[in-house]
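Step one of this worksheet: look at the structure below.
The values are calculated or read from the model by the stated rules, or taken from the named source; none is laboratory data. Note that the structure is a prediction, hence the values are computed from the model and not measured. Don't worry about glycine lacking a Cβ; one is built from the backbone with ideal geometry, like all the others, and counts go over all protein chains shown. The protein model used for the area step is the full one, side chains on, heavy atoms only, and it has no ligands, DNA or RNA in it. Shrake-Rupley method; radii C 1.70, N 1.55, O 1.52, S 1.80 Å.
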Amino acid sequence: MAAVTEKSVVAEWRHWLRGDVVVGAALAMIAAQLVWKYDLVRRTYFRQDDFTFIARGLDNDLTWDYLMRVDYGHLMPGPFAIQWAMGRLGVYNDVLAHVIVIGLQGAAGLALLRFLRLLFGSRPAILVPLGFYLITPMTISALSWWAVAIEMLPFQIALPMALSSHVLFVRTGRYRHAVAAAAWAVFAMTFYVKAPFILVLAFVLTAWLGFNRRQWRAWLLYAGVLAAYSAIFFRQLFTSVQLTNDTVRPTLPDAALAARFAWNLLSGSLVPTSLGGPWRWLPIGDDYAIAAPLGALAWVCVAVAAVVVLFSAFYRRRAWLAWLTLLAYVALADVVPVMIGRIQQMGPDLGGFELRYVASSACVLAIVIGLAFVPLAGEERPWRRRPPTLAKVAAAALACAFVAGSVWSVAAYARRPLGEPVESYIETARLALKRAPGDAVILDRYVPGKVVYPIFFYDYALASRVLGPIAPQGTAWARRLNGPMRNVLAFDDAGRLRPVNIEGLTIPRPTACQEVGAREVRFRLPLSLPKGEWTVQAAYLNPAPARLAIRLGSAEANVEAGKDFGWTFATIIGEATEVGIRALGGSSACVGEIKVGVPTPAKNGTPVPLQPVEP
């Protein structure tokens with residue numbers, strides 16, 4: 001009896017020791033990947049949508065309408081709340097953003113570890129799916145984009161936490177665990193449009209744990225949550241006004257287009273990154289890139305993935321269900337929303353290699369790998385037949401290739417400038433605004449496309465929207481130039497302020513200024529101007545203030561002209577071969593050099609500051 005007791009104690013001690021070693025190794029892996037990924041994240045900066053979302057947060061109070069607006073198919077009150085707070089905590093506070101991203105990434109790793117231990121037990125095999133999630137390049141481009149990261153990472157925290165609670169419910173029958181699972185799903189729904197699939201995955205997971213009649217309360221609860229979310233989502237989807245000043249009208253793309261996009265997303269994004277790819281990247285500006293695997297290598301990845309799936313299905317019971325679950329998740333959560341919302345604008349070749357569309361699948365795939373290869377804790381007869389010893393050697397080789405490929409792929413992504421060019425522009429502009437003269441008027445032009453693309457974000461790409469939040473109070477902005485202005489400045493592509501020059505046609509200044517009265521004086525242009533929006537700059541030397549009517553073709557604008565020497569501007573839409581000017585209200589003026597064209601930063605003007613700020 002004593003011997004039996006002693007053996008039991010030794011066995012229990014070994015069990016706990018093994019568990020402690022596995023947990024310790026897992027925590028070390030999580031910590032190491034945080035250090036590794038922080039080296040990339042710290043070099044990122046805000047980009048594109050980020051500036052729009054922060055500007056919207058500054059424009060609005062924390063109201064239902066602000067939080068619940070569906071942005072091109074995305075219901076995300078959580079990220080909108082974070083953007084609202086970010087605008088009030090330093091506006092473009094990249095250090096705070098980096099801390100939040102790394103903190104969420106660490107929490108996601110811990111959440112997945114908890115789920116894997118709960119489902120499979122503290123065995124070394126759980127380090128494989130955990131390691132896959134921590135290392136795969138599938139999430140790297142999403143981590144480099146603030147707006148995407150704060151959508152995706154809360155989902156990747158909530159998914160394993162909700163499934164953990166569901167596992168506890170199935171094993172114990174305690175309803176509070178089902179409530180916790182639903183609560184985690186609701187939390188994820190406030191951040192990510194794919195979150196409803198968490199509860200669907202919980203239902204599928206029960207196939208491994210076992211269905212019984214006592215679970216009906218959980219299914220009723222989950223169905224109620226999904227129904228409530230669907231009602232809110234679709235109401236907001238069809239009533240939310242987009243940047244185009246209209247509402248969303250979901251349409252299905254052409255079948256061939258949809259099939260091509262789905263295949264590209266599967267073979268060019270999901271499968272290669274599951275095996276350590278894509279190894280190459282296609283730059284989208286300096287701060288972002290999409291996958292660009294070699295065609296032959298992509299086919300090799302598809303073949304390897306097929307072998308892995310067939311092998312697991314041949315040896316592991318219900319492995320086929322795990323892979324089928326992954327395929328269904330990718331189709332319904334990754335492919336369909338993009339297909340309905342954006343694929344017609346982006347095209348299948350650009351959208352199909354966009355890793356942020358499959359980034360959320362990294363956590364799902366890690367769980368599927370576990371289900372396909374690792375027996376559940378206490379599972380009886382997990383194998384159809386025992387795998388051969390050679391399979392372990394092949395698995396080790398595949399794991400080494402995956403790690404090496406992932407490190408290579410992430411390093412290749414990190415070799416890009418990432419956020420440095422945009423951060424340089426913003427910080428240079430911040431310094432320029434601080435040093436601008438008090439009487440300066442800043443031309444409100446679109447910022448460079450590397451910061452915000454006007455074609456996508458419209459007026460949110462104007463300098464006043466992007467740089468206004470960091471400008472000193474009282475800064476004067478002018479969307480168009482009209483009337484007398486002495487100190488008009490504009491931002492160049494580096495973020496420096498330069499004097500404005502009207503680039504286009506010049507009517508040379510006569511020997512003496514031209515007197516202008518009630519009768520129109522016509523000035524012929526060196527070349528004819530096609531129809532468009534043009535700015536007329538007229539120099540004057542007046543004994544008293546005057547009011548002028550400036551005509552360009554058949555279009556006319558009335559502007560003021562001050563006393564003494566100065567310039568007045570008129571922005572007119574028209575086409576012309578001449579400029580006509582006359583004085584109004586019995587006043588008179590003396591007009592000098594006239595320019596007609598487009599206002600731009602003067603290339604030979606002295607910039608402020610002299611050199612761009614280096615981040």
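How many residues are within 16 Å of residue 148 (Cα to Cα) and either without any contact (Cβ under 8 Å) to a residue 12 or more places away in the chain or open to solvent by 40 Å² or more (accessible area, probe 1.4 Å) (or both) when one looks only at the range 68-103? Looking only at that region, the number is 8. Taken over the range 218-245, the criterion of being under 22 Å from the mean Cα position of the chain (by Cα) and at pLDDT below 90 is satisfied by 236, 237, 240, 241, 242, 243, 244, 245. The residue that is most open to solvent (accessible area, probe 1.4 Å), counting only those in the range 473-488 that are touching a residue at least 60 places away in the same chain (Cβ under 8 Å) and hydrophobic (A, V, I, L, M, F, W, C), is 485. Residue 517: farther than 23 Å from residue 599 by Cβ and open to solvent by less than 40 Å² (accessible area, probe 1.4 Å), yes or no? Judged against the criteria, residue 517 is a match.
Taking the numbered list (1) in a helix (DSSP H, G or I); (2) farther than 30 Å from residue 452 by Cα; (3) open to solvent by 30 Å² or more (accessible area, probe 1.4 Å) in turn, residue 364 passes all entries but (3). Within the range 46-67, residues that are more than 15 Å from residue 97 (Cβ to Cβ) have Cβ atoms under 8 Å from residues that are of a type in the set (S, T, N, Q) and open to solvent by less than 40 Å² (accessible area, probe 1.4 Å) in these pairs: 56/83, counting only partners at least 6 apart in sequence or on another chain.
Listed by first and then second residue, the pairs with beta-carbon distance under 6 Å, at least 6 apart or on different chains, first residue in the range 331-353 and over 9 Å from residue 262 (Cα atoms), second at pLDDT 85 or above and open to solvent by 30 Å² or more (accessible area, probe 1.4 Å), are 333/197. Looking across the range 404-417, just one residue is open to solvent by 60 Å² or more (accessible area, probe 1.4 Å) and either in contact with a helix residue (DSSP H, G or I) (Cβ under 6 Å, 6 or more places away or on another chain) or in a loop (DSSP other than H, G, I, E, B) (or both), and that is 415. Of all residues in the range 379-398, those being touching a residue at least 12 places away in the same chain (Cβ under 8 Å) and open to solvent by 50 Å² or more (accessible area, probe 1.4 Å) number 6. The residues of the range 456-472 that are open to solvent by 40 Å² or more (accessible area, probe 1.4 Å) and at pLDDT below 90, listed by number, are 456, 458. Exactly one residue among 356, 280 is over 20 Å from residue 453 (Cβ atoms), of a type in the set (Lys, Arg) and modelled with pLDDT of 90 or more, and that residue is 280.
When each of 519, 498, 551 is tested for being under 37 Å from the mean Cα position of the chain (by Cα) and either of a type outside the set (Val, Ile, Thr) or in a loop (DSSP other than H, G, I, E, B) (or both), the lone residue that passes is 498.
If you go through the range 531-540 and keep only what is farther than 15 Å from residue 582 by Cα and over 37 Å from the mean Cα position of the chain (by Cα), you end up with just 531.
Filtered by the rule that a residue be surrounded by fewer than 22 Cβ atoms within 10 Å (Cβ to Cβ) and in a helix (DSSP H, G or I), the range 272-297 gives 295, 296, 297.
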